[in-house]
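Structure, as structure tokens:
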Amino acid sequence: MEANDILAVEEFVIECNDMLSGKFFDLEKRLGKFLSCMAKSEDLIDFLADCLANFDEETEFNKAFELDRKTGAAKLTLPSEDKKRLALSVTIFNNLTNGKLNSNQFLETYFQDNKLTPIQNFLDKIITPFRDILCKNFGISANVSAVELKKRLEESRKQVEKEVVQPEKEEDDLPHLTELLQEISKTGNQVLALLKFEKKRTDVLDDVEFVTNSIIRACEKGDLMVVNGLVVGLNYVSRKFKNVRHLVDDMNSLIYDYYEFLSGSTKEPSEESEVPEAEASEANE
């Protein structure tokens, strides 16, 4: 595994720890950030996709979460095998973000505890082992330092910027275009990563992947107008995939904020400040 991907897995471990430190939050919304961070690591996504490969989601989910038909009592029986435990966790994350499970109802039904709140019990039963199994698999400490990782991520980012070939088109005319396209491309790769968890191949899924790959290629060519049009198309084709909607929204926000920036940056700040300084010096004379 390359150094950059090790950093991405460590970043996800820190995201797990951050989630574990919370006591009260909207689980469905919080999972959006959680999955976005998870999708930054290609090796991590490939490993989880492999866990899901021969996993019967419906059968295993029903075995883990049982309801007594007579009493209505809930029984939680989580798999002991690591790969099944990870696969079940990913199934839960997908079902929550796709709206197949109501988070409040799910937590209240299966994660009642005398000492812990339902969300704390969920974190203890699902997120903690999910993190620990991944740490064991990738040889990473669960107590990775956030400060140290931030420093190494910054060093890695600077190294990538030195090595990346900068697109020539429009760079002089549009300030910070390269940074924008890099962010959109990165988000596109996260979309593709999360789509690996979709078990059923459909024409709509193919369309989402095709448009997303086209966005990434347009970013590489530095063609903002094409990227803009493709992101509009992605809004429509990705509507059924709620687990990537937050990432598509991020793309929209990036483009919207960039055009807002351009509308107010017709002059460089230094140019605007020169005139008042000159006038001030004349006044002093």
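Coordinate-derived values only; no laboratory data. Source: prediction; values computed, not measured. Virtual Cβ from ideal backbone geometry, glycine too; neighbours counted across all protein chains shown.
If you wrap the tightest convex hull around every Cα atom of region 3-138 and split its volume per residue, you get 107 Å³.
Each pair of Cα atoms in region 119-159 enters the Kirkwood radius, and Stokes-Einstein at 4 °C and 1.567 mPa s then converts it into a translational diffusion coefficient of 109 µm²/s. In a reduced charge model with +1 at each Lys and Arg Cβ and -1 at each Asp and Glu Cβ, the chain shows a dipole moment near 2480 debye about its Cα centre. If amide hydrogens are placed 1.01 Å from N in the peptide plane, which non-local residues have theirs closer than 5 Å to the one on Leu101? Sorted by chain and number, the residues that satisfy this are Leu96. When all alpha carbon pairs of the chain are counted in 10 Å bins from zero, the resulting P(r) reads 6, 23, 29, 22, 11, 5, 3, 1, 0, 0 %. Dividing the mean sequence gap of close Cα pairs (under 8 Å, 6+ apart) by how many residues the chain holds gives a relative contact order of 20 percent. Relative to the longest principal axis of the Cα atoms of the chain, helix 3-20 runs at roughly 60 degrees. Take the Cα of Glu154, step 7 Å toward its Cβ, do the same at Asp249, and the gap between the two points is 3.0 nm. Along region 246-253 the Karplus relation, 6.51 cos²θ - 1.76 cosθ + 1.60 evaluated at θ = phi - 60°, assigns HN-Hα couplings of 5, 6, 5, 4, 4, 4, 4, 5 Hz to successive residues, with x for each Gly and Pro. A straight chain from Glu260 to Ile140 at 0.36 nm per residue would run longer than the Cα-Cα distance by 39.1 nm. Over region 165-263, the ratio between the Cα radius of gyration and 2.2 N^0.38 Å evaluates to 1.07.
Rounded to the nearest 500, the helix-only mean residue ellipticity at 222 nm of the chain stands at -22000 deg cm²/dmol, with each DSSP H run of n ≥ 4 adding -39,500 (n - 2.57). Here the Karplus curve 6.51 cos²θ - 1.76 cosθ + 1.60, taken at θ = phi - 60°, turns the phi angles of region 117-130 into couplings of 6, x, 5, 5, 5, 4, 4, 5, 8, 10, 6, 4, x, 4 Hz, with x standing for Gly and Pro.
Here the label points at Asn17 and His176, each 7 Å from Cα along the C-beta direction, are separated by 3.1 nm in the simple model.
Calculated FRET efficiency, Ile133 and Leu67, Cβ-Cβ r, R0 30 Å, to nearest 0.05? With R0 = 30 Å, the Cβ-Cβ based efficiency is 0.65.
Per residue, the convex hull spanned by the alpha carbons of region 37-88 comes to 84 Å³. If the segment from Glu183 to Asp203 were pulled out straight at 0.36 nm per residue, it would be longer than the present Cα-Cα gap by 4.5 nm. Between amide H atoms placed 1.01 Å from N, distances below 5 Å from Phe65 occur with Thr77, all of them 5 or more places distant or on a separate chain. Treating region 1-64 as a set of equal point scatterers at the Cα positions, no solvent, please give the Debye-formula log₁₀ I(q)/I(0) at q = 0.19, 0.22, 0.28, 0.29 Å⁻¹. So the normalised log intensities work out to -0.88, -0.99, -1.08, -1.10.
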